[in-house]
1. Limited to the range 262-283, what total is found for residues that are open to solvent by 80 Å² or more (accessible area, probe 1.4 Å) and in a helix (DSSP H, G or I)?
2. Output the helices (runs of 4 or more DSSP H) that fall wholly within the range 55-169 and possess 2 or more residues being open to solvent by 10 Å² or more (accessible area, probe 1.4 Å) and among the basic types (Lys, Arg), or say none.
3. Restricting attention to the range 174-223, report how many residues are surrounded by fewer than 23 Cβ atoms within 10 Å (Cβ to Cβ), of a type in the set (Gly, Ala, Ser) and part of a helix (DSSP H, G or I).
4. Can you go through Ala65, Ala124, Ala81 and tell me which one is free of Cβ contacts under 8 Å to residues at least 40 places away in the same chain and of a type in the set (Gly, Ala, Ser)?
5. Does the range 224-232 contain at least one residue that is open to solvent by 10 Å² or more (accessible area, probe 1.4 Å), at pLDDT 95 or above, part of a loop (DSSP other than H, G, I, E, B) and over 24 Å from Tyr121 (Cβ atoms)?
Amino acid sequence: MASMPDRAQHRVVPQPALPAADVVAAPALDRLLLTGAAGGLGRELRPRLRRLARLLRLSDVAEMAPAEAGEEVMTAALQDAAAVDRIVAGSEAIVHLGGISTEGPFAPILEANIVGVWHLYEAARRHKVKRVVFASSNHVTGFYRQDEVISASAPVRPDGHYGLSKAFGENVARFYFDRYGIESVCLRIGSSFPEPKDRRMLATWLSYDDLERLVVASLTTPVVGCTVVYGVSDNTTSWWDNTSASHLGFRPQDSSERFRAAAEARQPALDRADPATRFQGGAFVKQGPFER
């Protein structure tokens, strides 16, 4: 991880005035906060979310590209409650991608993903944020078998420290909705890459365009309450039923099927006795223990 600053730092580039002759739809939000903006999905969503807000505030602990028109760049560690409070202040909604996104030792995940999400929701409460789109993970239910189809209402079965942290985040989202009325959409993201890397991803793949559709739907649907939805494209092989989140109006338009031949060529044979092949969490179910 990059070194963690003691406080939030920011630089603003105001949105230039549009010529009077230009006719554009009004942004849905005044200020939208995107955490984890330096990560893979953050960099992909950054230009796609600008149209939704008058000002897109970008935050991460790592270095980010300089602010462009209509953007604001702030550096903050999620472990730092005061810094998180500063990045949340003035935000109308939050897309929370920040934190550690891989399996590993518990202590760093505790700080970034568990303490960090608590700081985020506490700041959202103080600053009266209306909605949070929380990047959860399919690893919340990674110990279901690959021959099962489950819905978001199935009991959680985390496959590691990372999955545990995301299950905690989903419970924080539920608590802050029930207690304080902050709406949340928890996105159990599958595998969002330009294309599936292996056979498992033929079931879990989420295209970047479908990711954008899902995040936009999560931000703009009038009423979401506290919704959990799997982030997955319209793949032929499917492990997850999103019927309970149909009110979001998310309609994935891409499919992993066109990549099947290439993925199967990369993995010509699978060991059915391998836990990574039997369980939905794939290789995550075998990682660790990390603490000795």
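1. Selection size over the range 262-283: 2.
2. 116-126
3. The total comes to 2.
4. The match here is Ala65.
5. Yes: one or more hits.
The values are calculated or read from the model by the stated rules, or taken from the named source; none is laboratory data. From a predicted model like this one, the values you see are computed outputs, not experimental measurements. Methodologically, a virtual Cβ is constructed for each residue, glycine included, from the backbone with ideal geometry; neighbour enumeration extends over all protein chains shown. Please note that ligands, DNA and RNA were not included when accessible areas were found on the heavy atoms of the full protein model with its side chains. Shrake-Rupley method; radii C 1.70, N 1.55, O 1.52, S 1.80 Å.
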